[in-house]
Amino acid sequence: MAASSFGFSSWRGRSSSITSQSEITDVHEQTLNPNQASQLTITDTRPLSSSLNSYNYREPTRSFVPGSVRDHLSPVDSAGFARSVREDTAELASYVLSDKKDRLSTSFLHRISSTSSHQSLDQHESPDSQMPDAGTIDELPEPPSPEFRTEDEPDSGPSALTTMLRRSPPQSPCDPNVGSNVTPYNGQLSSTSLSQSSPSNGVSESTPLLRALPCRPDSPGSTTEVDDIESQKPKIGPWRSSSGIFGSGIQGKLRSIRGIANPKTWDKKVIFQSVVMDPIHCLPAVIVGLLLNILDALSYGMILFPLGNPVFSSLGPAGISIFYVSTIVSQLTFSTGSLFRGGIGSELIEVVPFFHNMATTITATVGEDKPDAVIATTITSFAISSMLTGVVFYLMGKFRLGYVVGFIPRHILIGCIGGVGWFLVATGFEVSARLEEFNYDLDTGRRLIQSDTLPLWLIPLALAIILFSLQRKITSKYFLPIYILCVPIFFYFFVFSIDSLDPENLRQAGWIFQAPEAGEPWWYFWTLYKFNLVHWGAVLETSGAMFALTFFSVLHVPINVPALAQISGEDHLDLDHELKLHGYSNFLSGCVGSIQNYLVFANTLLFMRSGGDSRLAGFMLAGLTFGVMTIGPVIIGYIPVMVVGTLIFVLGFELLMDALISPRRKLKLLEYLTIVVIVLTMGIYDFVVGIFVGIILAFVSAILHASQVSAIRATYTGDQVGSMVRRNPSQHHYLHEVGSQTYVIKLSGFLFFGTIVGVEEKIRSLISDNVFTEHPIKFVIVDLWHVTGIDYSAAEGFKTINRLLYGKGVHLLVSGKDAESKLGRDLRAVGLGSDGPEVMFMPDLNSALESCENEQLKTFYARQEALRISRPAPSNNLDVPNKGQFGQPFDILSQSPRRDHLDRAARNVLNQQEMRRSTRWQNISEPLRLMLQVFYDLSDKNEDFWFRAKPYFVRKEYSAGTVIYQRGETANGFYLLERGELRADYETPQGRLSEPIVQGTTCGELPFFSETNRTATVVAVKDCVVWVMDTEKWEKLQSEESEVAQELLRISLKLTSERMDAMTKYISAVGN
């Protein structure tokens, strides 16, 4: 082989393969002669490194490295570093094939410290550097089958069965050509008539499944489109139309109005069905819904104001009216536009604790001596909070932010619900015992055990315990209403049976609610709005409670609505539309002076299962609720307090059980303790504070749980996974021996201060004295391919890791992210690679592995040159080799466990290879020498054997950029690469995979010898010299030298096995 002048170009004169601190050279330093450095030119500026495509991750916005840390970052060309590594690979491959007489310089032995990774981009950038991504797979549309599709064929239906029904018969259901001989079908004319295609009995194999129907005259609203027999098309409900709430379009509405205005078009049966029968069918469900509204009004509406406070003691009827108004507004809104036709809207029970908090704050600010101002300010705050909640709901739906609630842990919501349950139990004592405020002190305890107070709360508490226990055994939906209705019946039975019990005296003693003033209408609460008396400063002080209430309200809809859709079997839920409806409902409720509302999960489910799954039932329920509201205030003065107390106690017990008992075995200990803390904070200290404590605990819990998930996705060593470079067998053998000194750590997820600790601990364990002595490492590659982002603390952690590795003489490489990517700039912004030991940023894992392998090969050849220099000159007599012949130079150089490992690996390789190369192959011409160098580790045959194959190879030259062969072509050549570099591009399910092929290796052996099509496209990256055996020569070799042909087949299987093993390991490493 007439090798060209050879030398390594300066690693500091171009992008280095790795950056590291200067280290002690393993051999004597020699002076670099610039004239002997070869100037390599890159003719193909496309990325040459092997890389697998991956989807882009969206960078989290909640934590980021402040841009002010490093405002001025010099550009870094990571792709240039990868190209520099490829140049080193080519030079090393050229060295292994060169002769001693060709080595004009050994300057590569000078272990020059790698240049900084922060060199200016313009040193490496070329005009052709902007190329399309080589890893992109262009997806072409699949053409339709000409056998079954025609040019004008209509779209298929939503399923195969629908398509079959549409295409049989060929005529449309309304076919004017029935009975004729010409039938239109898919834009073509068929001359086959129904009568001709059928035998006398009318049935044959060609008879259509569905016969054509005669045309009927068009009518308003009729359509000629084929009906969806399977009902698989999405039903576009009236709420989805952009023309209005009912969404039938302007023309449809006009036709409907004209039809209603014209009595001649009325259908008596339809009118009777719509006006009489449909309402009768809905009546049972409407009664159930009305009863639920009444019970909720007594439970929640009655205690809307803190009745224990003298200022609000007479506002129980006003609270019920406010409740009814909010319920009616929400019912009309949801019945008009919601996906759930039987949806029931009602007051949010969770507003009660917040409203009591707001009322207490306002009372303390305004003063109890101004009751009218206190009431006016309080009720105005209630309405403003409802409008605020409506605006937030609408904006969430408008900007499609319903998914945001999914970021809030569910156990935080459970804790808040438990806090509401605690509040309801305390409120039950307040309402039943007529306490001004339930405090956790001795005075409240003494008040509760007084003889005139004890029966007031003890009886409803006992009734609640009995009801709570029986509900676990009796599951009928009518049990709760019957039980509650029996309480006032039995109460008044004893009142009228015992003469000493007088209703007026019982009312004064707290057994019956105070009757409203004579003539007080249901709209009395509107008269409480006196804006001239509103204390706006007090309203501002309640803003914290308003936002807390809004936050808690927002939690329900994105959780309850999807759950309701799942249970009811509704597959076309539009959560953003439902959020907008809640925005309308709450804002309108605030505008009419009422409070928050929402779509009640339990009531809606019960209402729909009772037969109320229609919009008519919803409108009827709103109308009957309005009727009850108009006569409601009169009934208040006759309702026993124990009825409301029982309902409040039961509801509080249920919420506490749902929060503290039911999830105990489902939650982890930390999550359960979080719930307990939230419940105790809300119940004992303050409800609003409990909300914020829950939010804080949610973040703490998320951090703790995220910290427990290791950021380390996988770890490998260099002998387990290597680069995709197809190297000479001697290099491959050595790299496998020393591969354990390269350690790959793959990270994933978002790196923050909680997860970087685990990475740092892993690094410390690798470089600990005991582990490092047994398993020394030289390179650590941290792959960030699956990392989505990093915060400032984690970025600083990388600097700590770099310093730890520097102390052990280990080089750090960062792969998977370009230095100019967001993640790369975040790492460099804190000074990684500039404020301390240098770090190399590689665009992919293959480039990093290739760089480490190149550095290890440089060390290998440095020891080889040291061996050559230290050997005595050959004598004229025959020297008898001894086993210690190569030991002395290596023993001198072995000064650490890491170097000792390298020396032992070099000794194992050189003992087998150096003698053969230096004595027997030096004067052999090509391609025999190339075959011996490529096959020596794969075959035990000598030069005499392979000399027989020499005539069957032909020398060819290819210029850079030439396509040697294309993927899918018939294999017609087996190649031995003497000089230059090739690149094989594979198409895999993971994307495009590139394999560099350097000189001294083979190419295209598997498809050629197996007589299959090419599996890759091979391109000449540089000017190449190859030796080719074509199909004709191969057939001739098989017939003339069958033994050589068999040996070539055996070698090709070995080479294929090695390459498939390397590719499989690399793809697995990249994908993991």
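Counting Lys and Arg as +1 and Asp and Glu as -1, each charge on the Cβ, what is the dipole of the range 494-586 about the Cα centre in debye, to the nearest 20?
Details: 3 positive and 11 negative charges, 64 e Å.
Here the range 494-586 has a charge dipole of around 300 debye.
Suppose R0 equals 30 Å. What FRET efficiency, 1/(1 + (r/R0)^6) with r the Cβ-Cβ distance, do LEU667 and ASN439 give to the nearest 0.05? Could you put the intermediate results ahead of the total?
Working: r = 31 Å, r/R0 = 1.04.
The calculated FRET efficiency here is 0.45.
Using only Cα atoms, locate the centre of the range 516-589 and the centre of the range 595-673, then give the distance between them in Å, rounded to an integer.
15 Å
Kindly report, to the nearest 10 Å², the accessible surface of ILE801 as traced by a 1.4 Å probe over protein heavy atoms only.
0 Å²
Which of rounded, prolate or oblate describes the range 307-441 when judged by the alpha-carbon gyration tensor and an a/c cut-off of 1.5? Present the calculation step by step, with values, prior to reporting the outcome.
Working: a/c = 1.87, a/b = 1.54, b/c = 1.22.
It comes out prolate by the Cα gyration axes.
Distance check, please: which entries in LYS666/LYS817; LYS762/LYS817; LYS473/LYS580; LYS858/LYS1022; LYS1033/LYS1054 exceed 31 angstrom between their Cα atoms? List each step's numbers first, then the result.
Details: LYS666/LYS817 40 Å; LYS762/LYS817 21 Å; LYS473/LYS580 40 Å; LYS858/LYS1022 22 Å; LYS1033/LYS1054 22 Å.
Violating the 31 Å Cα-Cα cut-off are LYS666/LYS817; LYS473/LYS580.
I'd like to compare 775-785, 804-814, 457-467: which one has the highest average count of other Cβ atoms within 10 Å, and what's the full order after that?
Per-residue Cβ counts within 10 Å, averaged per peptide and sorted highest first, yield 775-785, 804-814, 457-467.
With charges set only on the Cβ (+1 for Lys and Arg, -1 for Asp and Glu), what does the dipole of the range 1001-1072 come to about its Cα centre, in debye to the nearest 20?
Details: 8 positive and 12 negative charges, 91 e Å.
With Lys and Arg at +1 and Asp and Glu at -1, about 440 debye.
Cα gyration tensor of the range 926-1034, axes a ≥ b ≥ c as square roots of the eigenvalues: rounded (a/c below 1.5), prolate (a/b > b/c) or oblate?
Values: a/c = 1.78, a/b = 1.57, b/c = 1.13.
Since a/c reaches 1.5 and a/b is larger than b/c, the shape of the range 926-1034 is classed as prolate.
Among 445-455, 309-319, how do they line up from the highest to the lowest mean number of other beta-carbon atoms within 10 Å?
Working: 445-455: 12.5, 309-319: 20.7.
Per-residue Cβ counts within 10 Å, averaged per peptide and sorted highest first, yield 309-319, 445-455.
What trypsin sites (Lys or Arg not before Pro) in the range 349-433 are in a loop by DSSP, with at most 13 other Cβ atoms within 10 Å of the Cβ?
Numbers: sites: LYS398, ARG400, ARG410; in loops: ARG400.
In loop regions of the range 349-433 (DSSP not H, G, I, E or B), the sparsely surrounded trypsin sites (Lys or Arg not before Pro) are ARG400.
Once you place label points 7 Å from the Cα toward the Cβ at LEU1053 and SER1068, how far apart are they in nm?
2.2 nm
Starting with the highest mean, order 969-975, 664-670 by the number of other Cβ atoms within 10 Å, averaged over the residues of each peptide. Before the final figure, lay out each step's value.
On the way: 969-975: 18.1, 664-670: 10.9.
Order by mean packing, descending: 969-975, 664-670.
Any idea which of TYR483, LEU555, ALA462 is furthest toward the positive side of the dipole for the range 443-561, if Lys and Arg beta-carbons carry +1 and Asp and Glu beta-carbons -1?
Farthest towards the positive pole: LEU555.
The values are calculated or read from the model by the stated rules, or taken from the named source; none is laboratory data. A quick note: this is a predicted structure, and the numbers were derived from the prediction, not measured. Please note: Cβ atoms are built from the backbone with ideal geometry, for glycine as well, and neighbour counts cover all protein chains shown. Protein only, heavy atoms only, side chains kept; ligands, DNA and RNA dropped before computing areas. Shrake-Rupley method; radii C 1.70, N 1.55, O 1.52, S 1.80 Å.
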